[in-house]
Amino acid sequence: MFYTNALDPQLSEAEHQDAFARLRRLMQKAQQGILDFSGRSPDAKVMSRADFVIELRPQPERTYRFGRPSLPARLVRLYCAEPTLRDRVILGLHLGTKPNDDDVHNEQNSSIDIAAQRAHDWDTLQHTKNLNNGVGGGTS
């Protein structure tokens with residue numbers, strides 16, 4: 001999506017590339033365990049709508065047009081979760097955009113809901129695999 005400039009038609013190619021580079025850095029910080037999810041950092045936030053979903057928030061580059069700050073109309077977000085079944089794993093659940101102002105169509109909530117459902121689906125699949133392999137404490 002990023003490589004083909006197809007994530008959001010309202011973002012320019014340069015904005016796509018900038019968001020992708022910044023998102024890669026955030027993902028590397030998450031892998032290294034140095035990303036702050038507490039809400040004190042603008043980089044990541046635990047979603048109150050689904051408290052197991054983490055929003056990675058690449059901050060767009062500030063540009064100036066006619067001497068005034070200009071930000072993209074859309075913000076890129078990656079919604080993730082850390083599954084309890086696997087150590088040191090972060091699942092990328094949904095990549096999307098949201099408005100850079102009032103979210104009148106609740107796009108962010110829809111993205112969080114998609115991510116939460118995908119996390120539940122993944123968890124169910126993992127439990128099923130474990131039960132089929134004789135792991136999981138079930139009795140027969």
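The values are calculated or read from the model by the stated rules, or taken from the named source; none is laboratory data. What you see is a predicted model; the values in this text were computed from it and never measured. We place every Cβ from the backbone using ideal geometry, glycine too, and count neighbours over all the protein chains shown. Surface accessibility is based on the protein's heavy atoms, side chains included, excluding ligands, DNA and RNA. Shrake-Rupley method; radii C 1.70, N 1.55, O 1.52, S 1.80 Å.
A few comments on the model shown:
- Rounded percent of accessible protein surface that carbon and sulfur make up, segment 19-140, 1.4 Å probe: 47 percent
- Taking Cα atoms only, the orientation of helix 13-31 departs from the longest principal axis of the chain by about 40 degrees.
- Cα long-axis angle, helix 107-132 against the chain (0 to 90 degrees, to the nearest 10): 20 degrees
- Peptide packing for 22-28, 111-117, 60-66 was compared via the average number of neighbouring C-beta atoms within 10 Å per residue; ordered from the highest value, the list is 111-117, 22-28, 60-66.
- Only lysines eight or more places from K45 in sequence, or on another chain, were considered; those with a Cα closer than 19 Å are K29, K98.
- Förster radius 22 Å - calculated FRET efficiency between V89 and E61, Cβ distance, rounded to 0.05: 0.15
- Taking every Cα-Cα distance in segment 14-59 and sorting them into 5 Å bins starting at zero, the pair-distance distribution P(r) comes out as 5, 23, 28, 24, 14, 6, 0 percent.
- Proximity of backbone amide H atoms, modeled 1.01 Å from N, is registered between T63 and S70 at under 5 Å, excluding neighbours fewer than 5 places apart on the same chain.
- Integer Hz, Karplus 6.51/-1.76/1.60 couplings in order for segment 79-84, x for Gly and Pro: 9, 10, 8, 9, x, 6
- Binned Cα-Cα distance frequencies in the chain - 5 Å width, integer %: 2, 9, 17, 20, 18, 13, 9, 5, 3, 2, 1, 1, 0, 0, 0
- Most to least accessible of E82, E55 (protein chains only, probe 1.4 Å): E82, E55
- Listed values for segment 38-51 are Karplus-derived 3J(HN,Hα) couplings in whole Hz (6.51 cos²θ - 1.76 cosθ + 1.60, θ = phi - 60°), namely 6, x, 6, 9, x, 7, 8, 8, 7, 7, 5, 5, 8, 6, and x replaces Gly and Pro.
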